[in-house]
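Undergrad: Before we start, here is the structure in question, set down as structure tokens.
The values are calculated or read from the model by the stated rules, or taken from the named source; none is laboratory data. Everything numeric here is computed off the predicted structure, so don't read it as measured data. Every residue, glycine as well, gets a Cβ built from its backbone with ideal geometry; the counts of neighbours run over all protein chains shown. Areas reflect the complete protein model, heavy atoms only, side chains present, ligands, DNA and RNA absent. Shrake-Rupley method; radii C 1.70, N 1.55, O 1.52, S 1.80 Å.
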Amino acid sequence: MSSISLGGLLRRPEAGAALGLVAVLIFFAIFGGLTFLKPAGMSSWLNVAANLGVIAIPLGLLMIAGELDISVGAMVPFGAMTVAVISGHYGLPIWLGIFVALSFGVVVGLVNGFLVIKTAVPSLIVTLGSLFAVQGIVLGLTVLITKSTSVALTTEGPTKAIFGDFVMGGQLQVMVLWWLALTALYIFFVHFSPFGNWIFAMGGDKVSARNAGIPTDRLTMILFVLSSTSAAFVGMCQAILYNSAQVAGGQSFIFNSIIAVVVGGVLLTGGFGSVVGIFFGTITFAVVTQGIYYTDFDRNWSSLIIGVLLLGAVLMNNTFRKMALSYAPKKGAK
């Protein structure tokens with residue numbers, strides 16, 4: 001059995017993300033006190049990480065494949081407003097609202113993927129167009145139907161428990177369980193099945209991947225569907241959790257999810273990254289954004305502190321990636 005080498009560990013895409021997470025945890029434990037690491041404190045950033053992580057992982061897989069989807073910023077409020085209008089405003093069964101919200105996520109993903117494949121227009125431009133288009137649909141239809149930009153929703157029973165309730169003593173959102181389960185599924189399909197190799201191959205060289213027999217077009221469509229549907233799912237769950245939906249909102253998910261993915265070790269140029277790294281990157285971002293409230297720092301400087309810490313995490317990630325690429329084991333080592 002071969003031993004685990006330092007170079008092998010450093011070559012892992014999640015190595016820098018894991019060390020960055022440890023660094024920010026130590027930083028806030030020192031300046032924020034042990035309260036930050038107690039159950040109440042942990043739940044604050046775990047809830048943020050869960051909602052962000054469900055979107056960040058499929059978005060990260062798209063980035064590994066060399067694409068980008070910023071329409072998630074519009075899909076979150078659309079998922080929330082769809083279930084709220086159908087099941088709140090009209091009083092129709094909640095399962096119908098959930099079905100329509102997720103179905104529209106599938107449709108938007110298919111449209112994004114189709115346009116990227118058939119037009120060869122960069123995915124950034126395509127999804128920027130769908131971002132504004134979906135925002136217009138959400139605002140226009142909501143005001144037309146409800147005469148308001150806010151819709152109330154009351155959900156009880158199993159649906160509330162499954163999609164929008166609190167668990168573990170009422171501190172953690174049920175979204176945390178969804179996040180952990182989905183992460184496990186993504187780890188299996190990306191790192192223990194042929195699909196993962198196909199995604200990395202697409203990010204390295206899509207033409208070569210296609211020539212090698214990889215169904216690049218079909219896989220691109222699947223990844224865009226996963227991205228948009230996951231965003232609609234998060235919005236739907238938030239509406240059920242908070243018993244209301246707002247037209248405004250969701251824009252922060254665009255940049256926050258990209259930051260979490262990059263902190264997690266995914267290259268913007270594609271072809272490099274891991275689900276575990278994205279998982280760690282998401283937690284790191286959540287810890288930084290929530291940890292500032294447990295310190296004595298002036299809140300007016302919070303954005304500066306968040307920016308510096310996140311930049312430091314990314315630089316650490318890049319440093320360890322370069323170390324991994326330049327590492328060479330000693331001759332004769334087994």
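Undergrad: Collect the residues in region 181-200 that are without any contact (Cβ under 8 Å) to a residue 24 or more places away in the chain and within 22 Å of Phe272 (Cα to Cα), keeping them in residue-number order.
TA: Ala184, Leu185, Phe188, Phe189, Phe192, Ser193, Pro194, Gly196, Asn197, Trp198, listed by residue number.
Undergrad: Also, I was wondering about something else. Being in contact with a strand residue (DSSP E or B) (Cβ under 8 Å, 6 or more places away or on another chain) and of a type outside the set (S, T, N, Q) is the filter; apply it to region 238-283 and report the residue that is surrounded by the most Cβ atoms within 10 Å (Cβ to Cβ). Let's see the steps before the verdict.
TA: Applying the first criterion (in contact with a strand residue (DSSP E or B) (Cβ under 8 Å, 6 or more places away or on another chain)) to region 238-283 yields 238-239, 241, 243-247.
Imposing the further condition that a residue be of a type outside the set (S, T, N, Q) reduces the set to 239, 241, 245, 247.
Working: Ala239: 31, Leu241: 21, Ala245: 29, Val247: 21.
That would be Ala239.
Rundown of residues vs (1) of a type in the set (Asp, Glu); (2) touching a Ser or Thr at 6+ places or on another chain (Cβ under 7 Å); (3) surrounded by fewer than 24 Cβ atoms within 10 Å (Cβ to Cβ), yes/no style:
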residue	(1), (2), (3)
Ile64	no, no, no
Val72	no, yes, no
Phe78	no, no, no
Val83	no, no, no
Phe99	no, no, yes
Leu102	no, yes, yes
Leu110	no, no, yes
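Undergrad: Before we move on, is Leu6 surrounded by fewer than 20 Cβ atoms within 10 Å (Cβ to Cβ), touching a Phe, Trp or Tyr at 6+ places or on another chain (Cβ under 8 Å), of a type outside the set (Lys, Arg) and at pLDDT below 90? Write out each step before concluding.
TA: On the way: surrounded by fewer than 20 Cβ atoms within 10 Å (Cβ to Cβ): yes; touching a Phe, Trp or Tyr at 6+ places or on another chain (Cβ under 8 Å): yes; of a type outside the set (Lys, Arg): yes; at pLDDT below 90: yes.
Spelling it out, Leu6 is indeed surrounded by fewer than 20 Cβ atoms within 10 Å (Cβ to Cβ), touching a Phe, Trp or Tyr at 6+ places or on another chain (Cβ under 8 Å), of a type outside the set (Lys, Arg) and at pLDDT below 90.
Undergrad: Restricting the search to region 212-221, which residues are touching a residue at least 24 places away in the same chain (Cβ under 8 Å) and open to solvent by 30 Å² or more (accessible area, probe 1.4 Å)?
TA: Correct list: Asp217, Met221.
Undergrad: Kindly establish whether Asn51 is touching a Cys at 6+ places or on another chain (Cβ under 9 Å), in a helix (DSSP H, G or I) and open to solvent by 10 Å² or more (accessible area, probe 1.4 Å).
TA: Yes; evaluated as a whole, the condition is true for this residue.
Undergrad: Let me ask you something else. Against the definition (modelled with pLDDT under 95, in contact with a strand residue (DSSP E or B) (Cβ under 9 Å, 6 or more places away or on another chain) and at negative phi), how does Leu34 come out, yes or no?
TA: Answer is no for this residue.
Undergrad: Go through region 240-264 and give me each residue that's of a type in the set (A, V, I, L, M) and either without any contact (Cβ under 8 Å) to a residue 24 or more places away in the chain or within 13 Å of Ala56 (Cα to Cα) (or both).
TA: Selection gives Ile254, Ile258, Ile259, Ala260, Val261, Val262, Val263.
Undergrad: Moving on to the next point. Looking at Thr146, Thr155, Thr229, can you tell me which residue is among the hydroxyl-bearing types (Ser, Thr, Tyr) and within 26 Å of Phe255 (Cα to Cα)?
TA: On the way: Thr146 fails: within 26 Å of Phe255 (Cα to Cα); Thr155 fails: within 26 Å of Phe255 (Cα to Cα).
Selected residue: Thr229, the only one of Thr146, Thr155, Thr229 that is among the hydroxyl-bearing types (Ser, Thr, Tyr) and within 26 Å of Phe255 (Cα to Cα).
Undergrad: Specify the residue that is nearest to the chain's Cα centre (by Cα); the eligible residues are those in region 285-304 that are buried (at least 17 other Cβ atoms within 10 Å of the Cβ) and more than 24 Å from Ile55 (Cβ to Cβ).
TA: Tyr294
Undergrad: Ok, one more. What are the residue pairs meeting all of these: first residue in region 7-20, first residue on the phi < 0 side of the Ramachandran plot and in a helix (DSSP H, G or I), second residue surrounded by 19 or more Cβ atoms within 10 Å (Cβ to Cβ) and modelled with pLDDT under 60, Cβ atoms under 6 Å, and 6 or more apart or on different chains?
TA: Taking only residues 6 or more apart or on different chains, not a single pair turns up.
Undergrad: Go through region 119-199 and tell me which helices (runs of 4 or more DSSP H), entirely inside it, have 2 or more residues that are among the aromatic types (Phe, Trp, Tyr) and open to solvent by 80 Å² or more (accessible area, probe 1.4 Å).
TA: 175-191
Undergrad: Would you mention how many residues in region 101-131 are of a type outside the set (Phe, Trp, Tyr) and within 29 Å of Ala84 (Cα to Cα)?
TA: Going through region 101-131 one residue at a time, the tally reaches 18.
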